[in-house]
Amino acid sequence: MTAVQLGMPRVPGGAPREPRPDNPALIDTFGRVATDLRVSLTDRCNLRCTYCMPAEGLDWMPDEQVLSDDELVRLMRIAVERLGVTDIRLTGGEPLLRPRLEDLVARIAALRPRPRLSMTTNAIGFAKRARAFAEAGLDRINVSLDSIDPETFVRMTRRDRLGHVLAGLAAAREAGLDPVKINAVLVRGVNEHEAAPLLRFALEHGYHLRFIEQMPLDAQHGWNRKEMITADEILDLLGREFTLSPSPAERGGAPAERWLVDGGPHEVGVIASVTRPFCAACERTRLTADGAIRSCLFSTDETDLRGLLRGGGSDEEIADVWRDTMWGKLAGHEINEAGFAQPIRPMSAIGG
Ligand code: SAM
Ligand code: SF4
């Protein structure tokens, strides 16, 4: 993490006490600098993962509120040119549902300084498009895969699409995207028995596996702390079949704690957002598909940029509003505090 020492106290939950210093970067009052931008391209999805969306129903954003490609590219240009953003991850909802996404990727890759460009996706339909994405400038991909058993996959996602996801993963590797990561969420009583098989699968195919603790971000507000499979449990489940030792690699602002598998060189990651929060090293800033800036996944407030964008705001005005939002970033997500309130926006409309 790039950190600036500001040492300015902040009133918890309130406005920053000190005015924001004259610094072009996305700094906050805790000395963090956001350089990693997550852009949600849509809130729609073709799966219905149980920990993310309800089985049926969920209103989509009205089309007229969703930013156009031109608007998105403008905001990303401002982010890399003026705000010091170095990494952009495209997400959703399901980003592959966004029409002509290859063209958007090419436009982002043409920005200068060129950001590192990645995507988080369920990979449905990616098999046919992987080469075009690689040629357009996509550098890396994270594919969500919670089960390699067709029946369990259907229980987790409520759709029979495992074959499409596996084909997408294979195509990503063949197209030269590197690394190809897998994100897996374990749900008690449904797929926790697949922790070790998922790791074996990833090792066999050269994918980098990371488990993510289930977070209170589902649209139906059904998260239950007691049901969540914790990082300790994940490590215990894996430890029955593999020997894990802490990775010597520098973690930096990365959310995953990494472990060498059977002495290495292969690794497995655990993103323990709930039981081992990593907020102090957070480098992220978020843009939703309808043009809101969020300083955290768990923010209960956000800043609309769409009005300014469509109302004739200049690049520097937009940049300043973005800086102000990040300056107000809280120390942490407070999931483990009494009185924690889940944000109104679900993960699928924020972008994971
Ligand atoms: N649809 C794409 C996908 O699934 O990869 C991108 C969006 S999805 C919201 C991004 C990531 O968030 C996925 O890896 C998914 O497993 C994860 N996710 C969704 N809901 C979650 C929750 N409640 N807790 C933890 N991770 C969650
Ligand atoms: Fe869709 Fe991703 Fe949510 Fe699953 S986790 S329902 S694939 S947005």
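The values are calculated or read from the model by the stated rules, or taken from the named source; none is laboratory data. Since this is a predicted model, take the numbers as computed values, not measurements. When we count neighbours, we look across all protein chains shown, and the Cβ atoms used for this are built from the backbone with ideal geometry, even at glycine. Accessible surface is based on the protein model in full, side chains and every heavy atom, while ligands, DNA and RNA are left aside. Shrake-Rupley method; radii C 1.70, N 1.55, O 1.52, S 1.80 Å.
Ranking 41, 348, 62 by Cα position along the charge dipole of the chain, where only Lys, Arg, Asp and Glu carry charges on their C-beta atoms, puts 41 farthest toward the positive end. Two decimals is fine: what is log10 I(q)/I(0) at q = 0.08, 0.09, 0.10, 0.15 Å⁻¹ for the chain, from a Debye sum with one equal scatterer on every Cα and no solvent? So the normalised log intensities work out to -0.37, -0.48, -0.60, -1.43. Within the accessible area of segment 218-325, the carbon and sulfur atoms contribute 49%, probe 1.4 Å, all protein chains present. Spin-label pair residue 159-residue 64: with each label point 7 Å from Cα along the Cα-Cβ axis, the two points sit 2.8 nm from one another. Segment 276-313 and segment 62-76 have Cα centres separated by 14 Å.
The simple Förster model, with R0 at 25 Å and r as the Cβ-Cβ distance, assigns residue 225 and residue 56 a FRET efficiency of 0.45. For the chain, 45, 279, 282, 296 have no disulfide-compatible partner, since no other Cys C-beta lies under 4.7 Å from theirs.
Exposed loop sites here are GluC sites (Glu not before Pro) in DSSP loop states with at most 11 other C-beta atoms within 10 Å. What is the longest stretch of the chain lacking them?
Counting only loop sites that pass the neighbour cut-off, the longest clear stretch is 57-249.
Normalising the average separation of contacting C-alpha pairs (under 8 angstrom, six or more residues apart) by the number of residues puts the relative contact order of segment 36-350 at 19 percent. Take the Cα of residue 306, go 7 Å toward its beta carbon, and the backbone nitrogen atoms of segment 53-79 under 20 Å from that spot belong to 58-79. Beta-bridge orientation, the chain: approximately 35 percent antiparallel, per DSSP, counting only bridges with both partners inside. Estimated from helical segments only, the mean residue ellipticity of the chain at 222 nm is -7500 deg cm²/dmol, where each DSSP H run of four or more residues counts as -39500 (n - 2.57). For segment 198-285, the list of trypsin sites (Lys or Arg not before Pro) that fall in a loop by DSSP and count at most 11 other C-beta atoms within 10 angstrom reads 240. The residues of the chain expose, per residue, 43 Å² of accessible area to a 1.4 Å probe. Between residue 315 and residue 240, full extension at 0.36 nm per residue minus the direct alpha carbon distance yields a gain of 21.6 nm. Amide H contacts of residue 211: 184, 269, 270, 271, each under 5 Å away and 5 or more positions distant or on a separate chain (H built 1.01 Å from N in the peptide plane; Pro and chain starts excluded).
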